[in-house]
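Only one structure is covered here, and it is reproduced in the block below.
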Amino acid sequence: MDYSQFLAMKQEIGVLVVFLLVFLYDTFMPRKGQAVLPLVATVLFACFTAFCFVTPWPDSIDAFAGMYASSTVIVAIKNILNVGVLIVLIQSIKWANSETTAIRRGEFYELLLVTLFGMYLMISARHFLLFVIGLETASLPLAAMVAFDKHRHESREAAIKYILTAIFSSAIFMMGLSFVYGLTGSLYFTNIAMAIAAGGTVSSLLVLALAFVISGIGFKLSLVPFHLWTADVYQGAPTSVTSYLSVISKGAAAFAFMVILTQVFGAVYSQAWEWMLYALIILTITVGNLFAIRQKNLKRFLAFSSVSQAGYIMLGIMADNAVGAAALMFYILVYIFSNLAAFGVVQAVENASGKVDMDSYKGLYKTNPRLSFAMMLAMFSLAGIPPFAGFFSKFFIFTSAISQGSIAIYVLVLIALINTIVSLYYYLLVVKAMFISDDDCVIPTFRSAGSERLGLWITVAGIVGLGIVSCFYNYLLDITSII
Amino acid sequence: MDISMIYYLVPTLVMFCCGIYGFITRKNMIAMLISIELMLNAVDINFVIFNRYLFPGQLEGMMFTLFAIAIAAAETALAIAIIINLFRAHKNIDVSDITKMKF
């Protein structure tokens, strides 16, 4: 065996090294040093992120007989996820040091790094065995993270709902895989694609298998018929875990979904999965939006908003071309910044006052103008109001979808556009509560922790910067057009 | 004596559907977990059958089954841990009682 193959997986090994260092620190450091563990973990991860940017990005390599692949695009999406994880880590420092969490704060960082490792495997896998292992490595520790506040009822309830749906969905996914294996005789992405292309006509068993595979990953992405766990889990989990779950986990799953659909089942695009995805997108965007309107709890509200955002991300897969891939990656990047800004504010307010209801945000502008301003920018970006990044990500993803050119796609994009207007209504409800409404018991003025402010500054800079500076999207377009 | 593949495939499909049915109708969390195990085992048997009958020259399906068994064990262990945590607080593992968060 050629051990130099391991050099192809720099990111995975890097995450494992960070994980081991944090684990050793957590295990062997005396009590006095434990208080700085969140800081140590964040700094270590920042070094790792910088290393990933600096180290040369490979053009295209594969290792382990083609089971693992890496390319410029894959390194780029991993770096995007790294930036998101870094922001999550910065934002969670105060929560990790709070009284109830402090005793087991090390576990939060260890579990988080392991899930990130699993997501990397998902993204890089070119064989379904490695993909399934990555998927489970990503979703099982997440269930433990959701159950992190084990003495709080909501957390327990969220964890049981998450773990049961996660296992159920992976069972369905693997059933689909077994049919694919029976049809094509291989689990390598390239071999399956070749066998499907050589087969000519689309058998009904393949359509069934594809439906199983799509619904299995649809659970992870919370697309609409499979979204029922999302709101409960987002509400019950600790807010740091929720923000991780909503951006990083979703971004990785969306990219892996695109790789599977385009590289494995690309040959049967128009015969088999175009219409499945078509229906899923319409349902996801519409139902997510309609349910978001009636939410009173801000975490539930953001959960349904993230359901509808997942529908927009799927439009990039629908395009089935390089522009779509670039638009999808750019959307994930912008979504990371906007959603983490919103969760950063929710977390700061929750840590200071313990309130997460939309009604308690009334009059927040008078007492905490900067926080309300950051929240307003996040809402504008999520809704897609022009000068901010969210507008451009939506614009690019619609353009890439339209480039397909059929009437059906035009109708789909029209429905998505109408839904953008609906979403504007509920995003602005939050802004209205903060700026216009008044209340007797306003949240008093407080000064949020330095880490929370740093996280918010980064995300706000990202929201504004990605909207103005165009080089990021151009770069993504360059690298995706190569493959 | 040769038994045709269909006599293996139909039972696994029945097993899988029983698992889905049980997951949806059962109220006890352990019973739901058992139903999911039924589904996962159906998947394992499916892989082995396809490998044995259609592609006897290779071992890909068998290897996948081995890994799938390990993954199923890990999933069950975690789910049981969470259920026990819930039981300690509630003295009850009926899903229809775990309804604090709803629409």
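The values are calculated or read from the model by the stated rules, or taken from the named source; none is laboratory data. In this text the structure is predicted, and so the values were computed from the model without any measurement. Here the Cβ is made from the backbone with ideal geometry for all residues, glycine too, and neighbour counts use every protein chain on show.
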Worksheet entry | Criterion (among the β-branched types (Val, Ile, Thr), touching a strand residue (DSSP E or B) at 6+ places or on another chain (Cβ under 8 Å) and in contact (Cβ under 8 Å) with a residue 40 or more places away in the chain) met by exactly one of A:Val334, A:Val349, A:Val356 | A:Val356
Worksheet entry | Of the criteria (1) within 9 Å of chain B (Cβ to nearest Cβ); (2) in a helix (DSSP H, G or I), which one A:Lys150 fails | (2)
Discussion item. Suppose we filter A:Ser222, A:Ser155 for residues that are touching a helix residue (DSSP H, G or I) at 6+ places or on another chain (Cβ under 7 Å), more than 28 Å from A:Ala8 (Cα to Cα), in contact (Cβ under 8 Å) with a residue 60 or more places away in the chain and buried (at least 24 other Cβ atoms within 10 Å of the Cβ); which single one remains?
Written reply: A:Ser222
Item to complete: Tally the residues that are within 23 Å of the chain's Cα centre (by Cα), part of a helix (DSSP H, G or I) and crowded, with 18+ Cβ neighbours inside 10 Å, restricting the search to segment A:382-411.
Response: 13
Worksheet, complete the sentence: Filtering segment B:82-94 down to residues that are closer than 23 Å to B:Ile24 by Cα and at the interface with another protein chain (Cβ under 8 Å from one of its Cβ atoms) yields B:Ile82, B:Ile83, B:Asn85, B:Leu86
Discussion item. Looking at segment A:60-91 only, could you name the residues that are polar (S, T, N, Q) and in contact with a Gly (Cβ under 9 Å, 6 or more places away or on another chain)?
Written reply: A:Gln91
Discussion item. Suppose we filter A:Thr72, A:Thr115, A:Thr137 for residues that are farther than 29 Å from A:Met174 by Cβ and touching a residue at least 12 places away in the same chain (Cβ under 8 Å); which single one remains?
Written reply: A:Thr72
Item to complete: State whether one or more residues within segment B:8-24 are touching a Ser or Thr at 6+ places or on another chain (Cβ under 7 Å), farther than 30 Å from A:Tyr234 by Cβ, at pLDDT 90 or above and in a helix (DSSP H, G or I).
Response: no
Practice prompt. Under 7 Å between Cβ atoms, at least 6 apart or on separate chains: pull out the pairs that start in segment A:297-324 with a residue that is closer than 15 Å to A:Ala231 by Cβ and end on any residue that is in a helix (DSSP H, G or I) and among the charged types (D, E, K, R).
Written response: A:Ser306/A:Lys250; A:Ala310/A:Lys250
Fill in: Qualifying residue in segment B:49-67 (condition: facing another protein chain (nearest Cβ under 10 Å) and closer than 30 Å to A:Gly288 by Cα)
no
Item to complete: Could you check segment A:258-373 for helices (runs of 4 or more DSSP H) lying wholly inside it with 1 or more residues that are under 24 Å from A:Leu210 (Cα atoms) and of a type outside the set (Lys, Arg)?
Response: A:274-293, A:298-319, A:322-353
Item to complete: Could you identify the single residue in B:Ile3, B:Ile45 that is loosely packed, with under 13 Cβ neighbours inside 10 Å and more than 8 Å from chain A (Cβ to nearest Cβ)?
Response: B:Ile3
Worksheet item: Out of all the residues in segment A:249-261, is one or more over 14 Å from the mean Cα position of the chain (by Cα) and within 14 Å of chain B (Cβ to nearest Cβ)?
Response: no
